[in-house]
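Scroll down for the structure; my scribbles are underneath it.
The values are calculated or read from the model by the stated rules, or taken from the named source; none is laboratory data. Just so it is clear, the structure is predicted and the values come from calculations on it, not from any experiment. A quick note on method: Cβ atoms are made from the backbone with ideal geometry, for glycine too, and the neighbour counts reach across all protein chains shown.
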Amino acid sequence: MEFRLIDRIRERTAQPRDDVRLGIGDDAALLAVPAGMELAVAVDTMVEGVHFLPGQAAFDLGWKSLAVNLSDLAAMGAEPAWALLALTLPTAQSAQARADFVDGFADGFAALAREHRVALVGGDTTGGPLAMSVTVHGFVPPGRALTRAGARPGDAVLVTGTLGDAVAALHLLRTETASGSDAPLLARMHRPTPRVAAGLALRGRAHACQDISDGLVADLGHICAASGVAAEIDADALPRSPALVARFGAAAARDFALDCGDDYELVFTAPEADVAGIVDALARLGCGATRIGRIVAGEGVRVRDADGHWLEPAHRGWDHFPT
């Protein structure tokens with residue numbers, strides 16, 4: 001049964017690439033890294049009840065399991081190439097239920113993989129609590145990768161896209177108040193868009209970059225810690241979608257944006273002189289960019305409202321192991 005499931009995944013995710021010498025079907029894949037490139041590698045795990053609610057559509061889980069990893073490559077300015085998948089399926093499921101889930105999951109995974117020419121080159125299937133781990137590989141020219149270190153006092157802080165939609169969608173699902181009009185928010189949660197093109201455009205422009213997976217304050221805090229600087233954020237400058245504001249109002253939308261884990265946008269720093277050019281370049285890519293603050297000397301992240309008062313965000317990001 002396990003090998004038939006693997007066959008179903010392989011059939012649905014086939015993506016030919018010349019640099020894949022040997023893909024799914026052997027003990028290991030054989031891959032050729034292009035000359036003059038460095039290999040960027042990232043891995044993320046999604047577990048039912050921790051990263052997604054029970055009953056989420058298999059297609060959406062397939063899409064998102066790849067999207068969250070491609071977001072990591074985007075934050076590094078790397079071009080995606082290959083992926084590995086480890087899929088854990090509940091043993092209590094019937095054989096038909098497992099097959100149906102795998103078909104839907106593989107279709108969702110493949111739909112996003114095709115957009116970025118990502119080849120699934122291997123992995124594993126096993127029984128246990130529903131979970132999926134994806135490892136992605138991408139290419140970046142030597143010395144051109146974006147990292148969390150490098151932010152400098154005087155830099156502007158910018159974010160791509162809009163913030164807060166996914167957290168708001170989770171709130172609606174947990175409170176069982178989601179309706180048909182909330183589809184734009186739910187789509188941001190279930191099928192996030194990894195900002196791969198934006199990451200590539202930021203190579204040589206951004207001083208530091210991080211994807212927003214755990215929350216804006218937390219993830220910008222990683223940049224500050226790695227760079228030895230502090231950040232000041234203007235809360236009312238945070239970009240919010242019309243759907244979010246219409247559903248919750250401006251004030252609540254701002255709070256969701258501050259707690260915006262799971263949106264998988266990019267937060268980055270760049271010289272003030274380059275902000276206009278960056279905003280224009282990312283607008284042409286369709287995701288846009290918004291200046292939300294500045295880098296200063298010190299440590300940590302502080303948030304200020306329109307009246308100049310310092311705020312304490314209700315949450316400072318997701319923590320898998322809170323103390």
Subset of the stretch 225-243, residues of a type in the set (A, V, I, L, M, F, W, C), farther than 18 Å from residue 265 by Cα and either free of Cβ contacts under 8 Å to residues at least 60 places away in the same chain or surrounded by fewer than 16 Cβ atoms within 10 Å (Cβ to Cβ) (or both), comes to 225, 226
### Task
Would you mind stating whether residue 68 is β-branched (Val, Ile, Thr) and either within 21 Å of the chain's Cα centre (by Cα) or not in a helix (DSSP H, G or I) (or both)?
yes
Those residues of the stretch 113-149 which are closer than 25 Å to residue 269 by Cβ and not hydrophobic (A, V, I, L, M, F, W, C) amount to 138, 141, 142, 143, 144, 147, 148
With the first residue restricted to the stretch 282-295 and required to be surrounded by fewer than 23 Cβ atoms within 10 Å (Cβ to Cβ), and the second required to be assigned to a strand (DSSP E or B) and acidic (Asp, Glu), Cβ contacts under 6 Å at 6 or more apart or on different chains are 294/232
Filtering the stretch 88-105 down to residues that are surrounded by 19 or more Cβ atoms within 10 Å (Cβ to Cβ), more than 19 Å from the chain's Cα centre (by Cα) and not charged (D, E, K, R) yields 89, 101, 102
Taking the stretch 123-135 and the residues there that are touching a Leu at 6+ places or on another chain (Cβ under 6 Å) and at pLDDT 95 or above, the one that is nearest to residue 98 (Cα to Cα) would be 132
The condition of being in contact with a helix residue (DSSP H, G or I) (Cβ under 6 Å, 6 or more places away or on another chain), closer than 20 Å to residue 77 by Cβ and acidic (Asp, Glu) holds, among 259, 211, 274, only for 211
Q) Among the residues of the stretch 30-42, is there at least one that is surrounded by 12 or more Cβ atoms within 10 Å (Cβ to Cβ), under 25 Å from the mean Cα position of the chain (by Cα) and closer than 26 Å to residue 89 by Cβ? A) yes
Pairs returned, first residue in the stretch 132-145 that is farther than 30 Å from residue 59 by Cα, second residue that is surrounded by fewer than 18 Cβ atoms within 10 Å (Cβ to Cβ) and hydrophobic (A, V, I, L, M, F, W, C), beta-carbon separation under 7 angstrom, 6 or more apart or interchain, are 141/37
Considering the stretch 255-313, residues that are in a helix (DSSP H, G or I) and charged (D, E, K, R), and then whichever is modelled with the lowest pLDDT, we arrive at 255
Within the stretch 263-281, the count of residues that are surrounded by fewer than 24 Cβ atoms within 10 Å (Cβ to Cβ) and in contact (Cβ under 8 Å) with a residue 24 or more places away in the chain comes to 8
